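Input: a single structure, listed below in structure tokens.
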Amino acid sequence: MAADRPLRADAQRNRDRLLEVAVRAFSRGSEDGADVTLDAIAKEAGVGIGTLYRHFPTREALVEAAYRNELSRLGDSVADLLTDRPADQALRAWMDRFVDYTTTKQGMADALRAVIASGGDPFAQSRESLLAAIGTLLKAGAADATLRGDVTPADVMASLSGVSLVAGAPDQRDQADRLLDLLLDGLRHHPLAG
């Protein structure tokens, strides 16, 4: 089936570029993100409007794909982070990415509401994907004794969601970073002194 074939390298580059530009454009929120034209996105991505429509037949399809792409990038980053650093440091780096992701999602709120209004469900697998990523990091931390083994992914995600609310406020990223450091300190494995 033609839809199951992988994209040619140039087509994949065009699709990736369109998604990258769409995330930026739709993340502008109410400034002009909700009103950005597909022509403007195609032009900024360096492709024709026909190329955009071949990949994303509707505006809603582009918004949903952009959101899901950001979610996938966040989840996929776990393996790379765990490759080159201890689990506690990987978790802290991932927390920064989570806050960036939620800030982007907040910026895309108007565009995502339009997808939902048209019958789409961009959030269908978000929670499960995020919990799996956090679970992988926590398990790695318990295994290398850098993180506590008695914490659930749902508790960490709830905590991160609270920090993300702070980070979404203007000029509050420094405070969000301090809160992430506090959260990580609470997650670290502290062996009892004997």
Checklist outcome for this item: Across (1) open to solvent by 40 Å² or more (accessible area, probe 1.4 Å); (2) outside any helix (DSSP H, G or I), Gly120 clears everything bar (1)
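If I filter the range 139-183 down to residues being among the hydroxyl-bearing types (Ser, Thr, Tyr) and not in a helix (DSSP H, G or I), which single residue comes out as nearest to the chain's Cα centre (by Cα)?
Thr152
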Checklist entry - Take the residues of the range 95-117 that are within 18 Å of Leu182 (Cα to Cα) and of a type outside the set (Asp, Glu): which is most open to solvent (accessible area, probe 1.4 Å)? => result Arg97
Checklist outcome for this item: Selection from the range 58-96 of residues modelled with pLDDT under 95, basic (Lys, Arg) and touching a helix residue (DSSP H, G or I) at 6+ places or on another chain (Cβ under 7 Å) yields Arg59
Item to check | Filter result (under 24 Å from Ala124 (Cα atoms), β-branched (Val, Ile, Thr) and open to solvent by 20 Å² or more (accessible area, probe 1.4 Å)) within the range 47-94 | outcome: Thr58
Next on the checklist: Need the failing condition index for Ser129 against (1) within 15 Å of Arg97 (Cβ to Cβ); (2) open to solvent by less than 40 Å² (accessible area, probe 1.4 Å); (3) under 14 Å from the mean Cα position of the chain (by Cα); (4) at pLDDT below 95, just the number.
Outcome noted: (2)
Next on the checklist: Looking for something free of Cβ contacts under 8 Å to residues at least 12 places away in the same chain, under 15 Å from Gln89 (Cα atoms) and hydrophobic (A, V, I, L, M, F, W, C) - is there at least one such residue anywhere in the range 172-189?
Outcome noted: yes
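The values are calculated or read from the model by the stated rules, or taken from the named source; none is laboratory data. On a predicted model such as this, the values are computed, not experimentally measured, just so you know. FYI the Cβ positions are ideal-geometry reconstructions off the backbone, even for glycines, and counts take in every protein chain you see. Heads up: the accessible areas ignore ligands, DNA and RNA and are worked out on the full protein's heavy atoms, side chains in. Shrake-Rupley method; radii C 1.70, N 1.55, O 1.52, S 1.80 Å.
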